Amino acid sequence: MSEPTALRKADHIRVALEKDVGAKAVTAGFERLALEHCALPDGDLDQVDLSLTLWGKTLKAPLLISSMTGGTPEAGRINQCLAEAAQALGIAMGVGSQRAALEAPELAQTYQIRERAPDILLFANLGLVQFNYGYGIDEARRAVEMIGADALILHLNPLQEAVQAGGDRDWSGLWRRLEEITRQLTVPVIVKEVGNGISAGVAKRLEDCGVAAIDVAGAGGTSWSEVEAHRQRDPRLKQIAHAFAGWGIPTAVSLRAALGATDLPIFASGGLRSGIDCAKALALGAALAGSAAPLLAPATVDAEQVYRRFSGFLQELKIAAFCCGAFTLPQLARVPLYDAHTWQRIIKPR
């Protein structure tokens, strides 16, 4: 792997841990939603069962440790900690972009977590734009086989590439390439943004291309234009990157749009900061609720810290469901949602 790529992987971790890279002047939008409280839930909190089966894997809860990192020794340790926590919690996990390991096979071990998490629903990860720069179905298969993944995430990051020094700018023809990948790959293909959201129109076209699920990864969480701004040395380009800190579709808005446009499973990530946020996303109709940034710092310590942080999310989610009178995911999906300011009931997209 070239030195610039290695530095970029390490820089992303350093910047995310040390700098304020949250989206500016935009939130994920879940604070605008309110769940209907049930003053007399007909059941026992300990009986709340939020398990589900997706692509042959049973999850104890509809939670996802979203894709973060890989490609450096530190990233490898982070992935091991995340995987151990995911296994203990019985939830899903995605690894960061595996481009580094495809370029330098000795880095594959920084993504290989199956020994630590043999039972989880595990997602491989590549950038879709790389299929305009020499990648083909062989690279997609290698990414999946490298980590024993159950599905492949193809991430979309046009803004990040646009403001990144040496970023990949040619996004032409990728709809056709995506169709080819979904047709030829034997595992499900998930398309995911990285923090700027997916519109209804794009969601519909993704469904038409044969993808199996969409992760809207909306605005309101980590801003990758902010990450790249902190890495830029040119003051002019740094300012350009900072200008996009508020760019994108808020996660709650993007989630509703995608759910209304397609029949696919839709994952919600981007700025979910509590189990209550997760409950709102699931009540809207999300299949999984994902989080990344809040788990990065704990993962630099050990798996126990990740487990404590995300088990807190899970307990908040269960209490929220209980206080809505919901004891299963289908029941939670039927809980009424309101505009938190006007208390007018929200019409759900499904």
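If you check every pair at least six apart or on different chains, which have Cβ atoms under 6 Å apart with a residue in the stretch 43-56 that is at pLDDT 95 or above first and a residue that is among the hydrophobic types (A, V, I, L, M, F, W, C) and not in a loop (DSSP other than H, G, I, E, B) second?
What qualifies is Leu45/Phe322; Val48/Ala321; Val48/Phe322; Leu50/Leu329; Leu52/Leu59; Leu52/Leu329.
Among what's in the stretch 298-313 and is of a type outside the set (Phe, Trp, Tyr) and buried (at least 19 other Cβ atoms within 10 Å of the Cβ), pick the residue that is farthest from Ser269 (Cα to Cα).
Residue satisfying both the conditions and the ranking: Ala303.
In the stretch 252-275, which residues are under 15 Å from Leu64 (Cα atoms) and of a type in the set (Val, Ile, Thr)?
Ile266
Working only within the stretch 179-209, note down all residues that are part of a helix (DSSP H, G or I), touching a Gly at 6+ places or on another chain (Cβ under 8 Å) and more than 24 Å from Ser225 (Cα to Cα).
Answer for the stretch 179-209, where residues must be part of a helix (DSSP H, G or I), touching a Gly at 6+ places or on another chain (Cβ under 8 Å) and more than 24 Å from Ser225 (Cα to Cα): Glu179, Thr182, Arg183.
Could you tell me which numbered condition Arg273 fails, if it satisfies all but one of (1) of a type in the set (Lys, Arg); (2) surrounded by 20 or more Cβ atoms within 10 Å (Cβ to Cβ); (3) within 15 Å of the chain's Cα centre (by Cα)?
It is condition (2) that Arg273 fails.
Right, Glu103: surrounded by fewer than 20 Cβ atoms within 10 Å (Cβ to Cβ), within 23 Å of Ala293 (Cβ to Cβ) and in contact (Cβ under 8 Å) with a residue 60 or more places away in the chain or not?
Considered against the rule, which asks whether it is surrounded by fewer than 20 Cβ atoms within 10 Å (Cβ to Cβ), within 23 Å of Ala293 (Cβ to Cβ) and in contact (Cβ under 8 Å) with a residue 60 or more places away in the chain, Glu103 comes out as no.
On the basis of being more than 21 Å from the chain's Cα centre (by Cα), within 30 Å of Ala117 (Cα to Cα) and not charged (D, E, K, R), does Gln184 make the cut?
Yes.
Whether any residue in the stretch 303-323 is of a type outside the set (A, V, I, L, M), at positive phi and out of contact with any His (no Cβ under 9 Å at 6 or more places or on another chain) is what I want to check.
no
Got a sec? Which of Arg205, Arg183, Arg176, Arg231 is without any contact (Cβ under 8 Å) to a residue 12 or more places away in the chain and either closer than 30 Å to Ile346 by Cα or among the charged types (D, E, K, R) (or both)?
None of the others qualify; the one that does is Arg176.
Considering Glu36, Glu31, which residue is among the acidic types (Asp, Glu) and under 27 Å from Val191 (Cα atoms)?
Exactly one of Glu36, Glu31 is among the acidic types (Asp, Glu) and under 27 Å from Val191 (Cα atoms), namely Glu31.
Exactly one of (1) among the polar types (S, T, N, Q); (2) surrounded by fewer than 22 Cβ atoms within 10 Å (Cβ to Cβ); (3) over 30 Å from Leu52 (Cα atoms) is unmet by Gln160. Its number?
Unmet condition: (2).
The values are calculated or read from the model by the stated rules, or taken from the named source; none is laboratory data. Everything quoted here is computed from the prediction, not taken from an experiment. Cβ coordinates were reconstructed from backbone atoms using ideal geometry, including for glycine residues, and neighbour counts include every protein chain displayed.
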